[in-house]
Structure formats: structure tokens, C-alpha cells
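As C-alpha cells, the structure follows; a few thoughts come after it.
What follows is calculated from the coordinates using simple rules that are stated; it is not laboratory data. These numbers come from a predicted model, not from an experiment. Positions of Cβ are generated from backbone atoms using ideal geometry, with glycine treated the same way; all protein chains shown enter the neighbour counts.
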Amino acid sequence: MLMKLKNSQLILVRQLDKKVMSYSTLTGLTAPPEGWIRTFRKTLNMSLKQLGKRLSISAQGVKDLEKREADNSITLRSLKEAGKALNMQLVYGFVPIGDSLEEMIEKRAHDIAITIVKRTSITMSLEDQANTSDRLKQAVDELTQDIKREVPKNLWD
């Protein structure tokens, strides 16, 4: 039963990885300096007043909304509403920086495994029971896989 739980955690990681990796092609895409709302509004040749009417706010309210987006103080709710008023859909998510979730977990598990194996190795060498470098590498690899399968809560401590 315990092994099943450990494997199910790894399955969840892989499923989420697959889902977020579809967004990875967007990581190079940056918002225009004036923000998406203003950019789309102007591209659609829509006035502040027209967008305001669709949002049930004043033209000044739209101007404030665009300003908040440009300075990153807008709420997700406001972005979603503005998108809907522009016949757009807000897409929101996170993408791992540089790696997949599984690779990120494996790197962290490997770092922890090295620390544990080094600590154990020092103790053993003090007792004249030192291991070969191949055996130490194997121990690190095995412990890395165990930690990766479990994804313990203290992985990020």
C-alpha cells in the first residue's frame, strides 16, 4: 500500500507536468509595456468609452484598469473581465523555470541524497568502514529515486 501511495504521487507530478508543459511555448512571450488590455483595445480600434460600456465602468475606469495592468497591480478578476469584454479568454498558469516538475524534484532529491550519503560515509569512514566511490554513487542514485518517488513534505526545507 505504501509503495502505491508513493507511485501515485509521482503519477500526479507527471500528469501536472504534462499539463503545464503545454504552456512552455509561451514562456518567451512577454506582455507589451502598455499591457494587453490597451494593446488589444487599440488594435480593435475600440475607444475607452466603448470598452467601459462593455465593462459597465467609465472611460476613466478603463484608463485606470489599463494603468493597473501596466504596473502589475491589476487583479486576476479584472483581467478576466476585461478579456471577456474584449472577446478574449484569460489564460493563467505557472511553468517551471528551466525544468519539468519531475526534473526539479529529482534535482532536489539528488541534493538531499548526497547530503545524507556524505554524512553516513563520514561516520562509516571514522569507524574504518569506508565505501568505494562506486558504492557511494550507487547509494546516492538509489536514495535519489526513493526520495523522488515519495516526494516528502520536507523536500523543500
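Brief remarks follow.
- Distance between modelled label sites at Leu29 and Leu16, nm, 7 Å Cα→Cβ extension: 2.3 nm
- Rg and Dmax [Cα atoms of region 36-85; Å; Rg one decimal, Dmax integer]: 9.6, 25
- Calculated from backbone phi, Karplus (6.51, -1.76, 1.60) coupling profile of region 17-34 in Hz, x at Gly/Pro: 4, 4, 5, 6, 5, 5, 8, 4, 5, 8, 4, x, 7, 10, 5, x, x, 8
- Stokes-Einstein D in µm²/s, Kirkwood radius over Cα pairs - region 75-126 at 20 °C with 1.002 mPa s viscosity: 143 µm²/s
- Estimated FRET transfer efficiency (Val95, Gln9; beta-carbon r; R0 30 Å; 0.05): 0.90
- Set of aspartates and glutamates near Lys84 by C-alpha distance (under 20 Å), chain-local residues within fewer than 8 positions excluded: Glu34, Asp64, Glu66, Glu69
- Here the chain is described by how far its Cα atoms reach on the three principal axes: 81, 32, 23 Å, from widest to narrowest.
- Each residue, Gln60 and Met88, gets one label point 7 Å from its Cα in the Cβ direction; the gap between the two is 2.5 nm.
- Note on the chain: GNM, Cα springs under 10 Å; of Ser73, Ser24, Ser100, the largest mean-square fluctuation is that of Ser73.
- Filter on Lys42/Lys80; Lys18/Lys153; Lys18/Lys118; Lys18/Lys148 - keep pairs with C-alpha separation over 28 Å: Lys18/Lys118
- Label point 7 Å beyond Cα of Thr43 along Cβ direction - residues of region 89-122 with amide nitrogen under 19 Å: 89-93
- Considering only chymotrypsin sites (Phe, Trp or Tyr not before Pro) in DSSP loops that have at most 11 other Cβ atoms within 10 Å, the longest stretch of the chain without any of them is 1-91.
- Backbone geometry of region 103-117 corresponds, through the Karplus equation with coefficients 6.51, -1.76 and 1.60 at θ = phi - 60°, to 3J(HN,Hα) couplings of 5, 4, 5, 5, 4, 5, 4, 5, 4, 5, 4, 4, 4, 5, 5 Hz, x marking Gly and Pro.
- Dipole magnitude of the chain about its Cα centre (Cβ charges: Lys, Arg +1; Asp, Glu -1), debye to nearest 20: 1240 debye
- Positive-end residue of Leu76, Gln9, Leu143, charge dipole of the chain with Cβ unit charges: Leu76
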